[in-house]
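J.: Please find one structure pasted underneath; my questions will follow.
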Amino acid sequence: MTPLVSIIVPTRNSAVVLQACLNSIKQQTYKNIELVIVDNNSTDNTLVIAKSFTNQVFSKGPERSAQRNLGARQAHGDYLLFIDSDMKLSPQVVASCVEKIQNNPQTKAIIIPEESFGEGFWAQCKKLERSFYIGVDWMEAARFFTRDAFEEASGFDENMISGEDWDLSQRVGKKYPIDSIDQFIYHNEGKVSLRQIIKKKFYYARNLTQYQSVPANKIKLKYQASIKKRYLLFLSDRKKLFSTPLTSAGMLFMKSCEFGFGGVGYLFGKIKAKRRQ
């Protein structure tokens with residue numbers, strides 16, 4: 001039995017990375033796949049690339065949660081996989097996810113570990129950072145779901161701009177087992193600067209209030225936003241840290257900047273939320 005798997009990809013001005021993402025989907029060893037792309041008003045060549053791979057291209061905004069939910073509604077698969085346009089799948093990701101659930105029908109969602117890649121020093125720092133999170137439950141979130149579990153959880157919370165993937169994974173995990181596979185998603189950081197990293201962290205931290213308003217998420221956020229927890233995690237593998245001392249020093253400096261500017265962004269978000277009340 002080879003059930004249909006729908007892969008949903010939200011896009012926004014993704015032309016630089018989209019071709020590689022969609023090629024990795026096309027090269028999956030598991031072939032019963034449906035590709036659904038949901039674009040958010042791209043002004044570059046994104047739509048041309050998307051339509052060369054599938055006729056299921058839709059438009060929705062303003063953020064990824066709304067795009068993903070629309071993609072799920074348009075999809076026909078028994079299983080749903082959500083990836084971003086700057087990601088690539090290793091060839092056996094889908095096959096491994098399907099096999100894992102078919103071997104244990106109680107499992108309703110799968111975590112796929114991520115590995116970063118990119119150009120330049122800061123991309124290498126991101127790659128090193130990401131390597132510490134594999135198998136850490138408070139840092140990873142499921143991306144592959146059975147349709148029934150996804151719909152029972154009412155999909156992604158469209159009021160969330162930050163933490164929406166953790167939130168959905170948490171809601172599904174309350175009722176059903178979540179497993180993981182040993183195949184990887186590769187996340188393209190591009191040629192990223194420290195300024196871009198900090199700006200991105202500020203934006204998402206500023207929009208954390210909705211994620212934090214859910215009690216279960218608030219507990220998880222205490223781990224995710226804890227400098228102490230994060231640095232203890234890094235120090236748990238000193239061999240890895242000391243094997244690349246310059247990159248490790250850069251990563252620790254980068255994380256310190258992220259925590260600092262993220263904290264400022266979070267305070268901005270809290271003030272803004274109070275003014276709305």
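The values are calculated or read from the model by the stated rules, or taken from the named source; none is laboratory data. These numbers were taken from a predicted model, which means no experiment stands behind them. Every residue, glycine as well, gets a Cβ built from its backbone with ideal geometry; the counts of neighbours run over all protein chains shown.
J.: Can we say Gln106 is out of contact with any Asp or Glu (no Cβ under 8 Å at 6 or more places or on another chain), under 30 Å from Ala123 (Cα atoms) and either surrounded by fewer than 18 Cβ atoms within 10 Å (Cβ to Cβ) or hydroxyl-bearing (Ser, Thr, Tyr) (or both)?
T.: Judged against the criteria, Gln106 is not a match.
J.: Kindly check whether there is at least one residue in the range 227-242 that is more than 21 Å from the chain's Cα centre (by Cα), surrounded by 17 or more Cβ atoms within 10 Å (Cβ to Cβ) and part of a helix (DSSP H, G or I).
T.: The answer is yes, given that some residue of the range 227-242 is more than 21 Å from the chain's Cα centre (by Cα), surrounded by 17 or more Cβ atoms within 10 Å (Cβ to Cβ) and part of a helix (DSSP H, G or I).
J.: Then there is this: More than 17 Å from the chain's Cα centre (by Cα) and at pLDDT below 90, is that true of Val192?
T.: Criteria not met by Val192.
J.: Go through Phe117, Phe156, Phe144 for me and flag whichever is of a type in the set (A, V, I, L, M, F, W, C), modelled with pLDDT of 95 or more and more than 25 Å from Ile33 (Cα to Cα).
T.: Phe117
J.: Looking at (1) of a type in the set (A, V, I, L, M); (2) in a helix (DSSP H, G or I); (3) within 26 Å of Asp86 (Cβ to Cβ), which one does Ala273 not meet, given that it meets all the others?
T.: It is condition (3) that Ala273 fails.
J.: I would also like to ask the following. Out of the range 66-77, which residues are out of contact with any strand residue (DSSP E or B) (no Cβ under 7 Å at 6 or more places or on another chain) and farther than 20 Å from Trp166 by Cα?
T.: Arg73 - this is the single residue of the range 66-77 that is out of contact with any strand residue (DSSP E or B) (no Cβ under 7 Å at 6 or more places or on another chain) and farther than 20 Å from Trp166 by Cα.
J.: Then there's this: Could you give every pair whose Cβ atoms fall below 7 Å, whose first residue belongs to the range 244-257 and is within 8 Å of Cys125 (Cα to Cα), and whose second residue is among the polar types (S, T, N, Q), counting only separations of at least 6 or pairs across chains?
T.: Thr247/Gln124
J.: Further question on the same structure: Kindly check whether there is at least one residue in the range 114-131 that is in contact (Cβ under 8 Å) with a residue 12 or more places away in the chain, over 28 Å from Met254 (Cα atoms) and buried (at least 19 other Cβ atoms within 10 Å of the Cβ).
T.: No: zero hits.
J.: Within the group Ser131, Ser193, which residue is more than 20 Å from Ser85 (Cα to Cα) and out of contact with any strand residue (DSSP E or B) (no Cβ under 6 Å at 6 or more places or on another chain)?
T.: Criteria check complete, one pass: Ser131.
J.: So which of Ile219, Ile185, Ile271 is β-branched (Val, Ile, Thr), over 18 Å from Trp138 (Cβ atoms) and free of Cβ contacts under 8 Å to residues at least 60 places away in the same chain?
T.: Going through Ile219, Ile185, Ile271 in turn, just one is β-branched (Val, Ile, Thr), over 18 Å from Trp138 (Cβ atoms) and free of Cβ contacts under 8 Å to residues at least 60 places away in the same chain: Ile271.
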